[in-house]
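S.K.: Sharing a structure, written as structure tokens. Questions coming.
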Amino acid sequence: MNNHSGHHSVGMFAAVLIGLSAVCPFNSIHAAPSAAQSNNLGSNIFYQASSGVSPVESTSPAQEQKQTETGPSNSSLHPGGTSAGSPVQEQGVPSGLKQAADGMIQSLSSQPPFAEWKDAELSYHPLGPGTHSWLVQVNRAGQSIGYLVIGTDTNGVYQLNEYGSGSGGPYSMDVLRQSLQSLSETELSSTDKLQITPMYEEPLLAYWLVRSSTGSQICIDAMTGDPLPLEVADGSWKHKLHHNTPPLTIDFLGTQAQSVAFTAAPFDPYDDLGWLQPKQKLSIHSADQFIDTLRTSPRIIFSATGINFVFGGPLSINGYQSWISPDDSSHPILYALSQHDGLSRFVPLKQLLSSGEFYGLDF
């Protein structure tokens, strides 16, 4: 099985969303604690959600169809255990992905903001189909304490698309459920049966693709639960991206996370809209310029006019984290830090440099 196509072999899950009958192919594969020290798959497959939505066992396509029509079974799964009679399944996670995730988490857990990640439980969720990305949830005591989104480059080398520490990470079933409940009858009928697919597209677009049995579809932001523009579903937003030559990617194997540099307290870009003035625009086109600017203007904002939804932006930036590759120690890989509502989200600076503008609040 190819590393970048492993998500095609994983079964589907049916999940109950209050007031709606939904098929949610957001499957997960649970790994034991100390994932950085072992490549053994866990003995059970489940979706570990903080929402209280009870997951059900992995099913065959025939069983899925039956559950779609009649509702899922009453079995429940608990972190670290299996439901009575549930089949043991050990499939779906490419070994290369596990090796990459283990190395990234082991490196991050050596830094104070990620100390809780040491020996945490990991669950793997394929994002797709066809996007070659995985969500790796970092869990402790049944609660998510962080996440990684890992993808592949054109050569199949695993890359860290983004990561975050704290609550409020992407693809919360609770956020999805609330979002679906808030949609009006004109958008989705309560009698519709829904197919819900977690999606991730570069640069940083995390969303749920919701298709109804009547043929309509809606895209929901996987972070906020807000409905996304129609151009997400048809992909027309992509022509708005700057078509710069993609930067060279680096194999993350052996790459080490450095200390997080905090330059200011968390802030909301909507609290002070002064940054929208033309004079606040910054000249940042490289990693060195980004670091130098934060020394004099510790609060900066990234904005991509017309496609901020692709980045979850505008993004308030109040720090960064560097990763050092043993193959090129003179050129650190930088991730910009954006903090909001208890989540510290780290996004690759290279994606921001080629796709939008930076603005300052402190000069």
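A short reminder: the numbers here are calculations on the coordinates, not readings from a lab. Since the structure is predicted, the reported quantities are computational estimates derived from the model, not experimental observations. Cβ sites come from the backbone with ideal geometry, for glycine too, and all protein chains shown count toward neighbours.
S.K.: Please give the net charge around LEU97, taking every other residue with its beta carbon less than 14 angstrom from that of LEU97, where Lys and Arg add +1 and Asp and Glu add -1.
M.R.: After counting each charged neighbour, the total is -2.
S.K.: Okay, next question. Along the Cα-to-Cβ line of ASN308, 7 Å from the Cα, sits a label point; which residues in region 314-358 have backbone N less than 17 Å from it?
M.R.: 314-318, 338-341, 352-353, 355-358
S.K.: To continue, here is another question. Subtract the Cα-Cα distance of GLN277 and SER330 from 0.36 nm times their separation in residues, and report this length gain in nm to one decimal.
M.R.: Gain on extension, GLN277 to SER330, equals 15.5 nm.
S.K.: Which value, in nm² and rounded to one decimal, describes the direction-averaged projected area of the C-alpha convex hull of region 256-360?
M.R.: Computing the convex hull of the Cα atoms and averaging its projections yields 6.8 nm².
S.K.: At 7 Å along Cα-to-Cβ for each site, give me the label-to-label distance between GLN289 and SER167 in nm.
M.R.: If labels sit at GLN289 and SER167, their model points lie 3.9 nm apart.
S.K.: Right, something else. Where the eigenvalues come from the Cα gyration tensor of region 98-160, what are the semi-axes √(5λ) of the equivalent ellipsoid, largest first, in whole Å?
M.R.: Rounded to whole Å, the semi-axes are 22, 14, 8.
S.K.: Where does each of 347-359, 225-237 land if you order them by average Cβ count within 10 Å, highest first?
M.R.: Output ranking for 347-359, 225-237: 347-359, 225-237.
S.K.: Continuing with this model, one more query. Sticking with the crude label model, points 7 Å out along Cα→Cβ, report the distance from GLN195 to ASP251 in nm, one decimal please.
M.R.: 3.8 nm
S.K.: Now, a different point. Of the listed pairs LYS98/LYS238; LYS193/LYS238; LYS240/LYS281; LYS238/LYS279, which have alpha-carbon separations greater than 24 Å here?
M.R.: From LYS98/LYS238; LYS193/LYS238; LYS240/LYS281; LYS238/LYS279, over 24 Å: LYS98/LYS238; LYS193/LYS238; LYS238/LYS279.
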